[in-house]
Structure formats: C-alpha cells, structure tokens
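Taken together, the values in this text are just the output of simple stated rules run on the coordinates, not laboratory data. Quick caveat: nothing in here was measured; it's all calculated off a predicted structure. Cβ sites come from the backbone with ideal geometry, for glycine too, and all protein chains shown count toward neighbours.
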Amino acid sequence: MKLGVLFRTKGIDQITRESEANEHALKRTLNWLDLTMLGIGAVIGTGIFAAIGTATAGNADRPGAGPAIILSFILTAIACIFSALCYAEFAAMIPISGSAYTYAYSTLGEMIAWIIGWDLIIEYAVGNIAVAISWSAYFNDVLWHAFKVKIPPWLVTDLRTALRTPDIVAGAPHLFGMPIILNLPAVAIVALITWVLVIGVKESAIFNNIMVATKIVILILFVIVGFRYVQTDHFVPFFPGGWAGVQAGAAIIFFSFIGFDAVSTAAEECRNPKRDIRSASSARSPSAPSSMSGSPWC
C-alpha cells in the first residue's frame, strides 16, 4: 500500500456531495436554540456537579486547588473558548456529521481521521460511563434519604469496584460460581436515553431543552441560596495546593466544559448550519461574533 493512500483527503465539496446523495442522510430539524441547549446540556453535566469537589479537595495523587478553584475555572474557560470557536468555524464550513473525524479527513488525511474517529468513540463511551455512574450514585442517595429504599450493593456497583469489596461479592447471587454484579440504575438511564434518541431528533431536542432548563433553574437556586452562607475566612489560604493545585484543578474542571463539540456533531441535523451553529456558539461566547464575522460561511 502506498503511503499516500493513508493520507489521502476528501475536499469539502466532495464530502458535502456524498452526504447529500446518501439515502441515509440525517434530517435537518434543529434550530439555533436546539443547538445552544444541546451544548449547554452537555456542559452542565456530571462535571459541574461531581468534579468540582475532587478538583477543590484533591486526593493522594494530586493537590487540591482549594479556593483557587476559581482560577482553575478561568484558565479552563479561556482555553475552551478558543477550542469552541475552532469547532464552530469547522462545523459551519463542513456541515456534516462526524465532528473532528470529518474535519481531519478533509485536512489531514484518512489515517489521521481513522485514529481520531476511534478517539471520539472512546471519548464518548468513557464520558457516558462516568455520567451514568454518577447519576446512579445520586439516584441511590435520593431513594435512601427521601424514601428509605435501599438497593442491594451488588445492583449499584460496577464489577471492578465490587471485586475490591469482599462484602459486596459475598452478598451477590452467583451463577455458575460467578457473582452477578451490575450497576442497574446506570444501565437503566442509558437505556432510557437511548430510547429517547431512537424516537427522533426533534423529540430528543425537546426532551433535552426541558432537562437543560431544569438544570439551569437548579443551579440558579443553588447560587442564590448558597450565597447567604459564604464565609470569607474560608478563602484563607487561597492557594493551599499552590500553582500545582490550580493546574490540577484546571485539568479536572476541563471535563466540566466538555460539550461544545457536541454542537458540531449535530451540524448535519441543523436546518441552517452556516447561520445557526454560529448563533449557538455566539450565544455561549461573547467573543464569537467578532472572531467569526469575517468568515464567508457565517
């Protein structure tokens, strides 16, 4: 095989023609509001609710940022703004599904695109696992504290964790000598979301818009109520982990910002990607209009 074959590219016109000629092309039903809510929904996920504690307190492997977690958020936000603007520009120029895979195919070549495609699969798989497990833990806590219903540990624990906890393995039923252990709530929520996605794109967008609006209201209420309990003496020392703690916190907090790439994956399902993707991006980043106004695709 010639080396040039591994790095052959597809032009934007060719990719667009192939997409339009495909009988399995996706329906263009999303508008700028749906895209904006999709991006916000992906950002306001497990990271904002679960990763902040770890980034602030740290653990045995990395120092905590402490009150300087504020700086971690600022550093990560600056980096993500530039990344989000690049995604917005690419998605407007190449309004096809595939996100970074498609962009790499049209610029860097087939081999790089193949690697990035597998990276995306792993990224979304790992991300979904983290979200499902976190949701399961919260769901289990709500059942116990609100309704005094306790799910058996072998039904809310993954196999790897259970094998390090002999009590869970001992209490689980066995089949052919193997313990039956699974995280049932996590499996259930993934199945439910999959079912919603199968119903249709527009129905999924409506469901997502409702969930995002609910999460935003919850966060606003949390800020309003929590502001009354702010104590300035808790901000001393401001850098308990030093600059290393801020950097470690920024690395963890980055997971909270992941989601802007979700907008680009829906480019082929957008009614007017050259206009709406830019609108969705500018709605989430004040600097987007000036940075993209010169693009002939916007």
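A few comments on the model shown:
- Net charge over other residues, Cβ less than 13 angstrom from the Cβ of A55 (K, R count +1; D, E count -1): 0
- Selection among L221, A172, I116 by position relative to the dipole of the chain gives L221 as farthest towards the positive end (Cβ unit charges, Cα centre).
- Values of log10 I(q)/I(0), in the order q = 0.14, 0.20, 0.21 Å⁻¹, for region 109-263 under a Debye, Cα-only, solvent-free model: -1.13, -1.34, -1.36
- Per-residue Cβ neighbour counts within 10 Å put Y103, Y229, Y124 in the sequence Y229, Y124, Y103, beginning with the fewest.
- Measuring nothing but how far apart in sequence close Cα pairs (under 8 Å, 6+ apart) lie, relative to its length, region 69-153 scores a relative contact order of 13 percent.
- Net charge contributed by nearby residues that have their C-beta within less than 15 Å of I129 (K/R +1, D/E -1): -1
- Take every Cα pair under 8 Å whose residues are at least 6 apart in sequence, average their separation, divide by the length of the chain, and the relative contact order is 42 percent.
- Listed residues I151, I74, F235: farthest to the positive end of the dipole of the chain (Cβ charges): F235
- Sorted by Cβ density within 10 Å, fewest first, the residues M111, M37: M111, M37
- Point-charge dipole on Cβ atoms (K/R +1, D/E -1) for the chain, about Cα centre, debye to 20: 260
- With a cut-off of 15 Å between beta carbons, the residues surrounding P185 carry a summed charge of -1, where Lys and Arg count +1 and Asp and Glu -1.
- Likely footprinting exposure, E268, E123, fewest C-beta neighbours within 10 Å first: E123, E268
- Summed over qualifying helices (DSSP H, 4 residues or more, each -39500 (n - 2.57)) and divided by its residue number, the chain shows a 222 nm mean residue ellipticity of -21000 deg cm²/dmol.
- Number of Lys-Lys pairs in the chain with C-alpha atoms under 24 Å apart and a separation of 8 or more places or on different chains: 7.
- Of the DSSP H helices in the chain, those whose Cα atoms cover at least 18 Å axially and whose Kyte score averages 0.5 or more: 69-93, 110-147, 184-199, 201-227, 242-257
- Magnitude of the charge dipole, region 136-205, Cβ model with Lys/Arg +1 and Asp/Glu -1, debye to 20: 40
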